[in-house]
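First up is the structure itself, then whatever we jot down about it.
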Amino acid sequence: MMAVADAETELLDVVDEFNNVLRQELRGVVHAQGLLHRAVHVVVFNSTEQVLLQKRSAMKKLGPNCWDLSCAEHLVVGESYEKAAVRGLSEELNIKKPECALQLWEPMLQLMDYPQADVKDNEFISMFATLYDGGKVLATVMSAHLPHFLL
């Protein structure tokens, strides 16, 4: 059974080597063919400079049960990097509004091949960082355990 977190039917923008949208394809096709697409990674810090990490679900196709960044998302069709970051914080961690503005790094190209999972994950990734000292963060289907702030 396919994990919800790895839904192959999610529709993504396929981009060229300059990060311009060419067309849309299903996530499964994008990863099987190694097509360029977009993603965001968000690193959440608290005021004591600890970083929030989450442990990936055993259902994940890549890196099951491994520690991961605070949040990572594919951009859905037509979505901006910032909107994807805000959506990911809400969906994955129940962080509705970061305490300070998201800090953006320009998109960088990452080419990754995971032959054990038949995935070629070639992405333009924008990194964001933010501060959060608010309420409780929640575990979701994407994570196996409650996320933790660590040094």
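The values are calculated or read from the model by the stated rules, or taken from the named source; none is laboratory data. Keep in mind that this is a model prediction, so the values were computed, not measured. Every residue, glycine as well, gets a Cβ built from its backbone with ideal geometry; the counts of neighbours run over all protein chains shown. In case anyone asks, the SASA skips ligands and DNA or RNA and just uses the protein heavy atoms, side chains included. Shrake-Rupley method; radii C 1.70, N 1.55, O 1.52, S 1.80 Å.
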Go through the range 73-110 and count every residue that is in contact (Cβ under 8 Å) with a residue 24 or more places away in the chain, surrounded by 17 or more Cβ atoms within 10 Å (Cβ to Cβ) and either part of a helix (DSSP H, G or I) or among the small types (Gly, Ala, Ser) (or both).
-> 7
Name every residue in the range 36-71 that is acidic (Asp, Glu) and within 11 Å of the chain's Cα centre (by Cα), in order of residue number.
-> ASP68
Checklist (1) β-branched (Val, Ile, Thr); (2) open to solvent by less than 40 Å² (accessible area, probe 1.4 Å); (3) within 14 Å of the chain's Cα centre (by Cα) applied to VAL119, failing item = (3)
Please determine, by comparing only the residues of the range 2-16 that are modelled with pLDDT of 95 or more and more than 16 Å from the chain's Cα centre (by Cα), which one is most open to solvent (accessible area, probe 1.4 Å).
-> ASP16
Per the filter on the range 53-87, residues at pLDDT below 90 and among the charged types (D, E, K, R) are LYS55, ARG56, LYS60, LYS61, ASP68
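Condition first: under 20 Å from ALA7 (Cβ atoms), in a strand (DSSP E or B) and at pLDDT 90 or above. Can you find one or more residues in the range 123-130 that meet it?
Step one: of the range 123-130, the residues under 20 Å from ALA7 (Cβ atoms) are 123, 125.
Still in the list and also in a strand (DSSP E or B): 123, 125.
Within this subset, residues satisfying the condition of being at pLDDT 90 or above are 123, 125.
For the range 123-130, residues under 20 Å from ALA7 (Cβ atoms), in a strand (DSSP E or B) and at pLDDT 90 or above: present.
Which of the residues belonging to the range 17-52 are in a helix (DSSP H, G or I) and either among the charged types (D, E, K, R) or open to solvent by less than 70 Å² (accessible area, probe 1.4 Å) (or both)? It would help to see each step written out before you state the result.
Of all residues in the range 17-52, those in a helix (DSSP H, G or I) come to 27-33.
ARG27, GLY28, VAL29, VAL30, HIS31, ALA32 - these are the residues of the range 17-52 that are in a helix (DSSP H, G or I) and either among the charged types (D, E, K, R) or open to solvent by less than 70 Å² (accessible area, probe 1.4 Å) (or both).
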Enumeration of residues in the range 56-72 that are over 19 Å from PHE128 (Cα atoms) and either among the charged types (D, E, K, R) or without any contact (Cβ under 8 Å) to a residue 24 or more places away in the chain (or both) = ARG56, LYS60, LYS61, GLY63, PRO64, CYS66
